[in-house]
There are 2 protein chains.
Amino acid sequence: MNESPPAGPPPAPKGTVTQRAIERIKAMIGEGLLEPGQRLPTERDLGVQLGISRSSVREAVRALTVMGVLEARHGSGIYVTQLQAGDLLETFGVVADLSRGPRLLELLEVRRVLESTAAALAAARITPGQLEAVGGHLAAMNATDDPDEILAHDLAFHREIAAAAGNETMAAILEGLSSRTFRTRVWRGYQEEGAYARTRREHAAIHRALAARDPEAARAAAGAHVGEVERWLRDQGGP
Amino acid sequence: MNESPPAGPPPAPKGTVTQRAIERIKAMIGEGLLEPGQRLPTERDLGVQLGISRSSVREAVRALTVMGVLEARHGSGIYVTQLQAGDLLETFGVVADLSRGPRLLELLEVRRVLESTAAALAAARITPGQLEAVGGHLAAMNATDDPDEILAHDLAFHREIAAAAGNETMAAILEGLSSRTFRTRVWRGYQEEGAYARTRREHAAIHRALAARDPEAARAAAGAHVGEVERWLRDQGGP
DNA sequence: CCACCAGAAGTGGTCCGACCACTGCGCACT
DNA sequence: AGTGCGCAGTGGTCGGACCACTTCTGGTGG
């Protein structure tokens, strides 16, 4: 009769129940209690353990799934992802897709910086096999007139370079920054100006720098490539 | 009696219901039907519109909330965010916090690249007021011995520079890459080696380059700064 | 003995209905 | 007119039920 009104410390009084659940699960992983690839308790059990309803558990799991931390397999269970990049890319891509105006330019600026660096790293580390793959996409891109196919090979071209840079995280970020719809939106108008030729020239320059194992040349070529799109976009929305 | 078994086109048969709901809402925003700051229909109404239950709507909203696209205000309604960067930082920070081993190094490498660029941009654009703020954090950092306070001013120091670079998106990414717990974890051991002096020297060098409006010097100083932490971390987990 | 398949158990996915906590606004009271 | 209270509306939480899918198990036939 003396501690009911004054304070009830046990049931943590912060934020919403779901928010707390997210923190709890996140903490479990952070503390190593949950290893990547490991299976979590069932939603029902988690609800009991955390003292919350299954609905709230589901929302927490959904949130962590979106973040790329957890993965739910229907009929099997919930698992901790390998956190192997490419998992956080989805969120990043969504933001990129929804960005407009000045934000788009900023995104492109970030991409230019990372793409340049990736190209420089790739020039130093790329394997003959990877170089051949890059060349393949370059050739395929030049051999067709179908915009969709060109776009696909363009994406693959850059993806291959990012992979060759040896930094999966950077590759994942670039992947998000070059998400399909994002790219499609920008290219729609860009290519109408007959920018194909310039694009081909720039891609060829990047490929040449990679083949020559010249990091600085690759950095410059990649930077110029993205910079061109940047310039076009700036002119577009500007005056 | 003749179209029940053959085909049911209206209820698109792809993915889970929640996933579809996410796409639908995302599309509404992408197509401009939902302006930033605008209020969405209630969860109950959305359920009716999309032909799904409120539970599923809630999960979809939760997912988009985590992505920083929506914001739910208890008792008021669901709103579209301004997509003003800093919203996607949370997810990015979580990933950074949970990363381990090689992934951590990759993250740091990305940070080095962006931090260098931000410093270079800041050197060209920084205002006297911002420069003073940077100097203030530098002085405050050198004036105390409390690790927590040092960390706080360290974060503010870099945040101020990122802001001065004039690219909010880049600043948001750097913010996520320097999230509190991430930083704390790395610094715990780093500072034990009496790295304070070196950190102070490096920070001073960055500040000097900014004051001199020398982009290349700022780029080099910032790159070296992050690179030092990188080197230490590599030595740590290596042999 | 092995390969294969049908069933059962367990899991996430979806739906429903109820109630709680908070916000916002309008009405009545002062 | 100013103030406070109450009510309607909204997101937050809960519990239970059922569905869809995966997985393992046991049996059956080769």
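The values are calculated or read from the model by the stated rules, or taken from the named source; none is laboratory data. Quick caveat, the model's predicted, so the values are computed rather than measured. Methodologically, a virtual Cβ is constructed for each residue, glycine included, from the backbone with ideal geometry; neighbour enumeration extends over all protein chains shown.
Things worth noting here:
- Close Cβ contacts (under 6 Å, 6 or more residues apart or on different chains) running from residues in the range B:101-120 that are free of Cβ contacts under 8 Å to residues at least 24 places away in the same chain to residues that are buried (at least 20 other Cβ atoms within 10 Å of the Cβ) and not in a helix (DSSP H, G or I) comprise B:GLU106/A:ASN167.
- When residues of the range B:69-89 are limited to those that are within 20 Å of A:VAL57 (Cα to Cα) and facing chain A (nearest Cβ under 10 Å), the one surrounded by the most Cβ atoms within 10 Å (Cβ to Cβ): B:ALA72
- Scanning the range A:82-102 finds no residues that are of a type in the set (Ser, Thr, Tyr) and within 12 Å of DNA strand C (Cβ to nearest atom).
- Residue list for the range B:115-169, restricted to those being more than 21 Å from B:LEU89 (Cβ to Cβ), of a type in the set (Gly, Ala, Ser) and surrounded by fewer than 21 Cβ atoms within 10 Å (Cβ to Cβ): B:ALA124, B:GLY129, B:GLY135, B:GLY136, B:ALA139, B:ALA140, B:ALA143
- Matching residues in the range A:14-50 - criterion: being facing chain B (nearest Cβ under 10 Å) and basic (Lys, Arg): A:LYS26
- Of all residues in the range B:93-118, those that are over 19 Å from B:PRO215 (Cβ atoms) and at the interface with chain A (Cβ under 7 Å from one of its Cβ atoms) total 10.
- Exactly one residue out of A:ARG54, A:ARG62, A:ARG24, A:ARG58 is away from DNA strand C (no atom under 15 Å from the Cβ) and surrounded by 13 or more Cβ atoms within 10 Å (Cβ to Cβ): that is A:ARG24.
- Subset of the range A:51-64 (residues that are more than 8 Å from chain B (Cβ to nearest Cβ) and of a type in the set (S, T, N, Q)): A:SER53, A:SER56
- On the stretch given as the range A:32-47, residues that are within 21 Å of B:ARG58 (Cα to Cα), surrounded by fewer than 15 Cβ atoms within 10 Å (Cβ to Cβ) and either under 26 Å from the mean Cα position of the chain (by Cα) or more than 8 Å from DNA strand C (Cβ to nearest atom) (or both) total 0.
- Helices (runs of 4 or more DSSP H) wholly inside the range A:35-121 that include at least 3 residues being at pLDDT 95 or above: A:43-50, A:54-66
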